[in-house]
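> Here it is, the structure, as structure tokens.
The values are calculated or read from the model by the stated rules, or taken from the named source; none is laboratory data. Since this is a predicted model, take the numbers as computed values, not measurements. A quick note on method: Cβ atoms are made from the backbone with ideal geometry, for glycine too, and the neighbour counts reach across all protein chains shown.
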Number of protein chains: 2
Amino acid sequence: MKHTYEYPRAALTVDCVVFGFDDGALQVLLIRRGIAPFKDHWALPGGFVRVEETLDDAARRELEEETGLKDLFLEQLYTFGTVNRDPRERVVSVAYYALTKPADHTTAASTDAAEARWFPVSDIPPLAFDHAEIFASALSRLRGKLTYQPVGFELLPPKFTLTQLQRLYESVLGTEIDKRNFRKKVLSYDLLIPLKEQHREGPHRPAQLFRFDPVKYERLKKKGFLFEI
Amino acid sequence: MKHTYEYPRAALTVDCVVFGFDDGALQVLLIRRGIAPFKDHWALPGGFVRVEETLDDAARRELEEETGLKDLFLEQLYTFGTVNRDPRERVVSVAYYALTKPADHTTAASTDAAEARWFPVSDIPPLAFDHAEIFASALSRLRGKLTYQPVGFELLPPKFTLTQLQRLYESVLGTEIDKRNFRKKVLSYDLLIPLKEQHREGPHRPAQLFRFDPVKYERLKKKGFLFEI
DNA sequence: TGACTTCGTGTGAAAATTACACATTACTTC
DNA sequence: GAAGTAATGTGTAATTTTCACACGAAGTCA
């Protein structure tokens, strides 16, 4: 079935920058394109927005179709609309970024994508279209966000140690943080709940496990919050 | 001439939230719609994106066509894409916000818009489509931005007094600020250049006029800046 | 039981933020 | 031209926040 309009229309897509945290380093999920253009190149997961779904829905749907991931933290980033970003025709892309917990890193490639793989953000292959620009923009946004909103937990498993949280901040922000000052600061927000359990691993003192309080977290996210590290 | 596609496509528009500062209060520029739907309702200036122009270009073009404003500070805000935001058909709108200096407030309504008018943000009429939501989002972004980036100058004339700048901050942020602390802080960024001139008005001591240093300003905007008040 | 490794904690110095009051300058009016 | 009026312009002390920094505790392994 054909669809006809008075004026030419741009195609509308969504693209997702999915971040994960593993091996003590920030990772991003890329797919190898199975179809032209840029066949066999690495690219951000994404695809065309259907006319009866919202942008957020499209992002979640494409993400699940191409990578198997669902129910993750997802936020709109920016809309990329230069004229020649796609060689085929005019395509405007609404970019999203997403944060996943390590448990979700089971990525079954499917449908459009020939393959899905995690890459450390410090070592990304050349990307299709203007995806390198989108990725850079997402990384910069994540860095900014981390310094004033408590989104770091979205990248950690439900139970985590303060050291894991600190490593996350250090590796995303690219700085070293003093352990005592970090703990003082984080705990002062009264957002972390110490568990009865401990994390024991290796020949040394076990670490206290924490989870974060989802109620206080939501409250913080809504009002002006403040989670400066 | 008709244009035909395999799948149905959303129409793509831009909408602009234009802020001005006048009468000691933050103002927003609205147009009265000359055509259906929402004929005679107030709305944000905006219109359809042409297939051969970027999103930014479309925003600037529509702004000039509908309000006569050009060369203003303009930044993409967010893309609104719920399914039924336009009663005619699926329309996705990329929202922008803009800041104007008072000198530019000469608004000649034209083309699509029957009338253009400034409204204090505290007293906005009902808006067409989901424009109230877009406006709220823009205002919230402006507030956020003002507290950590030196964009306030974009809303003031080229020469201004520190009191004017303070009033701007107070009225946008909705807080009272201590005069001495404000001046100390603002001047410490070394961004303001005192002029030889003074601003004299009324039966009292005249005020020192300042302009801001565009070079330092650009430098601040690019790197992590920091303009906390 | 001693070596090793990571966890967990407190204090003092420096810097930033906040609170706060009065003399100065020009215009107006008497 | 003297007195009144109104907004400008300036400094300091108290408080809070940030930053720098070192060592005992708890567990494993040999």
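> With the structure loaded, tell me whether A:Phe210 is within 17 Å of the chain's Cα centre (by Cα), more than 30 Å from A:Arg90 (Cα to Cα) and either more than 12 Å from DNA strand C (Cβ to nearest atom) or surrounded by 14 or more Cβ atoms within 10 Å (Cβ to Cβ) (or both) or whether it fails that test.
Taking the combined requirement at face value, the residue does not satisfy it.
> Return a yes/no flag: does region B:3-26 have any residue that is at the interface with chain A (Cβ under 9 Å from one of its Cβ atoms), assigned to a loop (DSSP other than H, G, I, E, B), out of contact with any Asp or Glu (no Cβ under 9 Å at 6 or more places or on another chain) and among the charged types (D, E, K, R).
yes
> I've got another one for you. Can you name the strands (runs of 3 or more DSSP E) wholly within region B:34-146 that have at least 2 residues being touching a Lys or Arg at 6+ places or on another chain (Cβ under 6 Å) and surrounded by fewer than 16 Cβ atoms within 10 Å (Cβ to Cβ)?
Output list reads B:113-120.
> Determine which single condition B:Pro158 fails, assuming it passes every other condition in (1) in contact with a Lys or Arg (Cβ under 7 Å, 6 or more places away or on another chain); (2) buried (at least 17 other Cβ atoms within 10 Å of the Cβ).
(2)
> I'm told A:Val186 meets every condition in (1) in a helix (DSSP H, G or I); (2) out of contact with any strand residue (DSSP E or B) (no Cβ under 9 Å at 6 or more places or on another chain); (3) modelled with pLDDT under 95; (4) within 16 Å of DNA strand D (Cβ to nearest atom) except one. Can you identify the failing condition by its number?
(2)
> May I ask you to verify whether B:Glu64 is within 8 Å of chain A (Cβ to nearest Cβ), without any contact (Cβ under 8 Å) to a residue 60 or more places away in the chain and within 29 Å of A:Tyr5 (Cα to Cα)?
no
> Any idea which residue in region A:161-188 is farthest from DNA strand C (Cβ to nearest atom), counting only those that are surrounded by 15 or more Cβ atoms within 10 Å (Cβ to Cβ) and among the charged types (D, E, K, R)?
Filtering region A:161-188 for residues that are surrounded by 15 or more Cβ atoms within 10 Å (Cβ to Cβ) and among the charged types (D, E, K, R), the one farthest from DNA strand C (Cβ to nearest atom) comes out as A:Glu170.
> Would it be correct to say that A:Leu99 is within 15 Å of DNA strand D (Cβ to nearest atom), in contact (Cβ under 8 Å) with a residue 24 or more places away in the chain and at negative phi?
No: the conditions fail for A:Leu99.
> Is it the case that region A:170-180 has a residue that's more than 14 Å from chain B (Cβ to nearest Cβ), within 24 Å of B:Gly144 (Cβ to Cβ) and within 12 Å of DNA strand D (Cβ to nearest atom)?
So far as region A:170-180 goes, no, none of its residues is more than 14 Å from chain B (Cβ to nearest Cβ), within 24 Å of B:Gly144 (Cβ to Cβ) and within 12 Å of DNA strand D (Cβ to nearest atom).
Okay, residues lined up against (1) under 16 Å from B:Pro8 (Cα atoms); (2) in contact (Cβ under 8 Å) with a residue 40 or more places away in the chain:
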| position | (1), (2) |
| --- | --- |
| A:Asp22 | no, yes |
| A:Leu29 | no, yes |
| A:Ala43 | no, yes |
| A:Glu52 | yes, no |
| A:Gly68 | no, yes |
| A:Glu75 | no, no |
| A:Thr82 | no, yes |
| A:Asp86 | no, yes |
| A:Glu89 | yes, yes |
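> Would you check if B:Gly152 is within 16 Å of DNA strand C (Cβ to nearest atom) and either exposed (fewer than 14 other Cβ atoms within 10 Å of the Cβ) or under 15 Å from the mean Cα position of the chain (by Cα) (or both)?
No, not satisfied.
> While we're looking at this one, here's another question. When only residues in region A:189-199 that are free of Cβ contacts under 8 Å to residues at least 40 places away in the same chain and assigned to a strand (DSSP E or B) count, which is nearest to DNA strand C (Cβ to nearest atom)?
A:Gln198
> If you don't mind, there's one more thing I want to ask. What about A:Ala36, is it free of Cβ contacts under 8 Å to residues at least 12 places away in the same chain and more than 7 Å from chain B (Cβ to nearest Cβ)?
yes
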